[in-house]
Amino acid sequence: MLEIGQKAPDFTLPDQDGKPVTLKDYRGQKIVLYFYPKDMTSGCTKQACSFSELYPQFREKGAVVLGVSKDSVASHKKFEEKYGLPFRLLSDEGLEAIKAYDVWQEKSNYGKKYMGIVRTTYLIDEEGKILKAFGKVKAADNPGQMLAEL
């Protein structure tokens, strides 16, 4: 996980509409940048829907929410449409941001080891520095936790 106080690595990734999103485009706003394993899975859906419910409160506090996984643009579009998500989902099929933010790690499931995304959320300040970093977050609790941090 990246250290609090360090500059957040910049990236450019396509959103669910295929439009490029660059982190520095959000300078002047706080950013809730969350990394999640997979669209349409139960934990990831709970997390996204909770961020969606609280999104107006994030906006009131001057923050944007960006979700990142290695799913395709098309997968993100289906996820956004199915659940009416009001924020951008970024496709990182090449693992550019995922690796830069140190969330691509060895995981274990029923004794089998594999590489995957560890559910992690960063709060980035208006100047692009990491204010808070939360690893191995609980999907359902994370959005409320991040709103409280703002």
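The values are calculated or read from the model by the stated rules, or taken from the named source; none is laboratory data. Keep in mind it's a predicted model, so treat the numbers as computed, not measured. Here Cβ is always computed from backbone atoms with ideal geometry, including for glycine, and neighbour counts include all displayed protein chains.
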**Long-range neighbours under 8 Å by Cβ, at least six apart or interchain, first residue in contact (Cβ under 8 Å) with a residue 40 or more places away in the chain within the range 71-83, second surrounded by 14 or more Cβ atoms within 10 Å (Cβ to Cβ) and among the hydrophobic types (A, V, I, L, M, F, W, C)** = His76/Leu89; His76/Leu90; Phe79/Ala48; Phe79/Leu85; Phe79/Leu89; Glu80/Leu89
**Extreme residue, nearest to Lys7 (Cα to Cα), among residues of the range 103-124 that are surrounded by fewer than 16 Cβ atoms within 10 Å (Cβ to Cβ) and of a type outside the set (Ser, Thr, Tyr)** = Gln105
**Item:** Subset of the range 79-102 (residues that are part of a loop (DSSP other than H, G, I, E, B) and either among the hydroxyl-bearing types (Ser, Thr, Tyr) or surrounded by fewer than 17 Cβ atoms within 10 Å (Cβ to Cβ) (or both))
**Value:** Gly84, Pro86, Glu93, Gly94, Leu95, Tyr101, Asp102
**Prompt:** Picking from Ala74, Ala63, which residue would you name as being under 14 Å from the mean Cα position of the chain (by Cα) and of a type in the set (Gly, Ala, Ser)?
**Reply:** Ala63
**Asked** When residues of the range 91-150 are filtered for being among the small types (Gly, Ala, Ser) and without any contact (Cβ under 8 Å) to a residue 60 or more places away in the chain, how many remain?
**Response** 4
**Item:** Which numbered condition Glu81 misses (of (1) touching a Pro at 6+ places or on another chain (Cβ under 7 Å); (2) over 17 Å from Phe134 (Cβ atoms))
**Value:** (1)
**Message:** Looking only at the range 26-49, filter to residues that are buried (at least 22 other Cβ atoms within 10 Å of the Cβ) and touching a Ser or Thr at 6+ places or on another chain (Cβ under 8 Å); which one of those is nearest to Ala8 (Cα to Cα)?
**Reply:** Leu33
**Request:** Can you give me the number of residues within the range 1-44 that are β-branched (Val, Ile, Thr) and over 18 Å from Gly135 (Cα atoms)?
**Result:** 4
**Asked** Pairs, please: C-beta under 7 Å, at least 6 apart or cross-chain, first residue surrounded by 13 or more Cβ atoms within 10 Å (Cβ to Cβ) and in the range 1-15, second assigned to a loop (DSSP other than H, G, I, E, B)?
**Response** Met1/Asp102; Leu2/Tyr101; Leu2/Asp102; Ala8/Gly128; Pro9/Tyr101; Leu13/Asp92
**Message:** Let me confirm something: among Tyr122, Tyr83, Tyr114, Tyr101, which residue is aromatic (Phe, Trp, Tyr), out of contact with any His (no Cβ under 6 Å at 6 or more places or on another chain) and modelled with pLDDT under 95?
**Reply:** Tyr114
**Request:** Would you mind telling me which numbered condition in (1) under 17 Å from Tyr36 (Cβ atoms); (2) surrounded by fewer than 14 Cβ atoms within 10 Å (Cβ to Cβ); (3) touching a strand residue (DSSP E or B) at 6+ places or on another chain (Cβ under 9 Å) His76 fails?
**Result:** (2)
